[in-house]
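Right, one structure below, let's go through it.
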Amino acid sequence: MIKDIQEKILKLKKQNDVCILAHSYMSEEICEIADFTGDSYALSLKAKTAPQSTVIMCGVRFMAETVKMLSPQKRVYLANPVAGCPMAEQMDREVISEVKKMYPDYAIVAYINTTAQLKTIADVCVTSSSAVKICRAIPEKNILFIPDINLGTYVKKQVPEKNFKLLSGGCPTHAKIDKEDALSAKAAHPDALFLVHPECRPEVTALADYVGSTSGIMDFAEKSDYKEFIIGTENSIVQHLQFKCPDKNFYPLSKDLVCHNMKATTLVDVLNCLEGKGGEEIVMDEELRVQAVKCIDKMIEYGG
Ligand code: 13P
Ligand code: SF4
């Protein structure tokens, strides 16, 4: 059944010149039919270079918007229109414009998990894998980091030479994990390395052996000589790693580390989108796009 749907998808995407991009949090059966799977940064780079005329994004809305901003000539679809990112909706342009007035000499560094509107007033965008590098590289000494306070706190620690102002947004999925969860996972698996996404709280990342993006965590675990790992990010990564490294053991940090938005997209959604029966085409006002893409272009320039 799954194989039949996958075969239909593979045939249709070739016929219709479609590139399927999947965030690493997608299910195994979606990753199998994707042209490319990766973290937010890698997906942004692919969005720029994919030769196909149409892109289907299996991920959340801001990811599909990023593709459209970078490749306006392409038709871009979000495979399941309900898949949003709650963090991306937390701060709006009007509020941040007011905050900016209070700190006129601060550069606005926006996590890519933001709306296109908010990106129009950001100086530069970052992802979890590029944030430290970019905050170090930009010429500005003062940084207003939005919206994720946990990622911001992590970056601030790594870049002590700069001044940071943080606002209190964040990922509800990662932020609900507390120190007790981390300590009990470590007690249950004393020989495991603890790999954590920087969207987790500082008291959780403080206990980690490695902190990095979804792709960073996967690369680290694959290359490591260790045999056991506690995975401190969305639980799909536990399954992907278990498939990739059958000789190693992977444990979820918590059964609650589930992003329902990332989980919303199914293999059937991808088929429906290809057959013109589902998905949502991303349409963006050109003036908005031109303004919003500037901070993403800067991210690619500095993140290189
Ligand atoms: P990555 O930068 O690891 O892709 O993270 C995106 C995300 O939404 C994690 O919750
Ligand atoms: Fe947004 Fe968190 Fe889901 Fe990532 S895991 S898409 S940051 S809600």
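The values are calculated or read from the model by the stated rules, or taken from the named source; none is laboratory data. The shown structure was predicted, so the numbers you read here are calculated from the model rather than taken from an experiment. When we count neighbours, we look across all protein chains shown, and the Cβ atoms used for this are built from the backbone with ideal geometry, even at glycine. Surface accessibility is based on the protein's heavy atoms, side chains included, excluding ligands, DNA and RNA. Shrake-Rupley method; radii C 1.70, N 1.55, O 1.52, S 1.80 Å.
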Worksheet item: So which of C58, C31 ends up being within 18 Å of C259 (Cβ to Cβ) and open to solvent by 10 Å² or more (accessible area, probe 1.4 Å)?
Response: C31
Discussion item. Where the second residue is among the hydroxyl-bearing types (S, T, Y) and the first is in a strand (DSSP E or B) and lies in the stretch 3-21, which pairs have Cβ atoms under 6 Å and are six or more apart or on separate chains?
Written reply: V18/T54
Discussion item. Out of everything in the stretch 27-55 that is under 16 Å from the mean Cα position of the chain (by Cα), modelled with pLDDT under 95 and among the small types (G, A, S), what residue ends up being nearest to ligand 2 (Cβ to nearest atom)?
Written reply: S40
Response to the item:
Of the residues in the stretch 139-156, those that are away from ligand 2 (no atom under 16 Å from the Cβ) and either under 21 Å from the mean Cα position of the chain (by Cα) or open to solvent by less than 10 Å² (accessible area, probe 1.4 Å) (or both) number 3
Worksheet, complete the sentence: Taking the stretch 168-193 and keeping only residues that are crowded, with 17+ Cβ neighbours inside 10 Å, within 28 Å of F62 (Cβ to Cβ) and either over 19 Å from the mean Cα position of the chain (by Cα) or not hydroxyl-bearing (S, T, Y) (or both), one is left with G169, G170, C171, H174, A175, I177, D181, A182
Worksheet item: Being among the polar types (S, T, N, Q), in contact (Cβ under 8 Å) with a residue 60 or more places away in the chain and closer than 19 Å to T205 by Cβ, is that true of even one residue in the stretch 129-149?
Response: yes
Worksheet, complete the sentence: Turns out the strands (runs of 3 or more DSSP E) fully within the stretch 28-132 with at least 3 residues that are under 30 Å from I2 (Cβ atoms) are 36-38, 54-58, 75-78
Worksheet entry | Of all residues in the stretch 211-240 being more than 14 Å from M26 (Cβ to Cβ), touching a strand residue (DSSP E or B) at 6+ places or on another chain (Cβ under 6 Å) and open to solvent by less than 10 Å² (accessible area, probe 1.4 Å), the one that is nearest to ligand 1 (Cβ to nearest atom) | I217
Fill in: Qualifying position, being touching a helix residue (DSSP H, G or I) at 6+ places or on another chain (Cβ under 7 Å), closer than 27 Å to I282 by Cβ and more than 13 Å from ligand 1 (Cβ to nearest atom), among L151, L118
L118
Practice prompt. Could you please let me know if Y25 is under 17 Å from S128 (Cα atoms), outside any helix (DSSP H, G or I), in contact with a Ser or Thr (Cβ under 6 Å, 6 or more places away or on another chain) and in contact (Cβ under 8 Å) with a residue 12 or more places away in the chain?
Written response: yes
Fill in: Residues satisfying the stated conditions in the stretch 193-214, i.e. touching a Phe, Trp or Tyr at 6+ places or on another chain (Cβ under 8 Å) and within 16 Å of ligand 2 (Cβ to nearest atom)
L195, V196, P198, T205, V211, G212, S213, T214
Discussion item. For the stretch 232-275: of the residues being under 28 Å from E180 (Cβ atoms) and of a type in the set (A, V, I, L, M), which is nearest to the chain's Cα centre (by Cα)?
Written reply: M262
